[in-house]
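Have a look at the structure below before the remarks.
Please treat every number below as a calculation from the coordinates, not as lab data. All values reported here derive from a predicted model rather than from experimental measurement. Counting neighbours? That spans all protein chains shown, and the Cβs are built from the backbone with ideal geometry, glycine included.
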Amino acid sequence: MKNVLVTGGAGFIGSNFVRYLLQREPDVKVVTLDLLTYAGKTENLEDLPHPENHVFVQGDICDRELVDQLLVEHAIDTIVHFAAESHVDRSILGPMPFIQTNIIGTFTLLEAAKNAWKDKPGEFRFHHISTDEVFGALHSGDPAFEEGTPYNPHSPYSASKASSDHLVRAYYSTYNLPITISNCSNNYGPYQFPEKLIPLMILNGITGKPLPVYGKGEQIRDWLHVMDHCEAIYLILKKGKIGETYCIGGDNQPTNLEIVQLICEILDDKVPRADGKSHTSQIQYVSDRPGHDFRYDINTNKIQRELGWKPAHALRTGLEETIEWYLNHSAWVDSVLDKDEFSSWINTNYQERDSSF
């Protein structure tokens, strides 16, 4: 691993991974490719360790000519593919960008890698980051998702990620492309765009806005701190077996309501409301979204057994650190909240569910 292309590296998980990789491997050269759509920000890549070893390129993973050029010009031997449209609600309202980026974009990268690495000496790796949502939903008593769980996606987002997973595996079995795949649970941590549950609850809690909870808040998710995820990806790149899939989770399964209540409890301590009420008074139940999966749970036995990884962050500790990060990075938060596209989407999406922001 000498020259690494990170797609989607200006997004939430991608930027954390770029920072993690440059810290762990000071001699590695990293090229970040990101289109800078609403959730990608160059501010996420400020103050990187060893910035002289990092190059940022604004561009589309569907642009085959650009991808070919980057692989050759920078002698890329490793691709870490984060770039994706990733929000379920957005995929329900408008699925086309998910098909274009998640399926066509992945296909474009695979074709470029196949062409660039064909018959060339050296070690190469195409690592594809995916989601546990490709497996569908678990019911009470069902065993946790694992690497052999059949796919059963329920949203345009998860269907597009399932399609990309299948493409990546097909390029391994058909063309012997050196790939690995990871399916992770819900991430949280610094630099997460506040359309997702945890940062939305934190920022709305701080600013006195409603805290929207779908249905009764009974859906169950496994929450993974982004830095634990970055370490898992790093170990897969270093020690993971070519052609294998690894499931990555945080080893916890609270309900969405429990997560929101825990965030409120931490906010009550760190930024108490002026009226003395708990932040839980801001919780507002809204109509559930279509096809909302009830429960996700990840079995991490394989990655623990084969690569020695396990999550280091307990949920409460991770949430406390995350809340502190948002409190201490007001300029980053303001730059996100000032985006007209974000405000418009939040208002439209949740007002349709009988809530307002």
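Computed values, structure above
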{"read-out": "Helical contribution to [θ] at 222 nm, DSSP H n ≥ 4, -39,500 (n - 2.57), averaged over the chain, rounded to 500", "value": "-12500 deg cm²/dmol"}
{"read-out": "Net dipole in debye of the stretch 1-94 [+1 Lys, Arg Cβ; -1 Asp, Glu Cβ; about Cα centre; nearest 20]", "value": "220 debye"}
{"read-out": "Leading residue at positive end of dipole, the stretch 28-142 (Cβ point charges), from 134, 51, 92", "value": "134"}
{"read-out": "√(5λ) per eigenvalue of the Cα gyration tensor, the stretch 110-229, largest first, Å", "value": "34, 19, 12"}
{"read-out": "Greater than 20 Å apart at Cα, pairs in 2/118; 161/310; 2/310", "value": "161/310; 2/310"}
{"read-out": "Eligible lysines near residue 277 by straight Cα distance, threshold 17 Å, same-chain separation 8 or greater", "value": "209"}
{"read-out": "The stretch 266-281 - phi-based ³J(HN,Hα) in whole Hz, Karplus 6.51/-1.76/1.60, Gly and Pro as x", "value": "5, 5, 4, 7, 8, 9, x, 5, 5, 8, x, 6, 6, 4, 5, 5"}
{"read-out": "Percentage relative contact order, the stretch 1-86, counting C-alpha pairs under 8 Å, at least six apart", "value": "42 percent"}
{"read-out": "Given charges at beta-carbon only (K, R positive; D, E negative), |dipole| of the chain in Debye", "value": "580 debye"}
{"read-out": "Sparsely packed GluC sites (Glu not before Pro) within the stretch 1-54, loop by DSSP, other Cβ within 10 Å at most 14", "value": "46"}
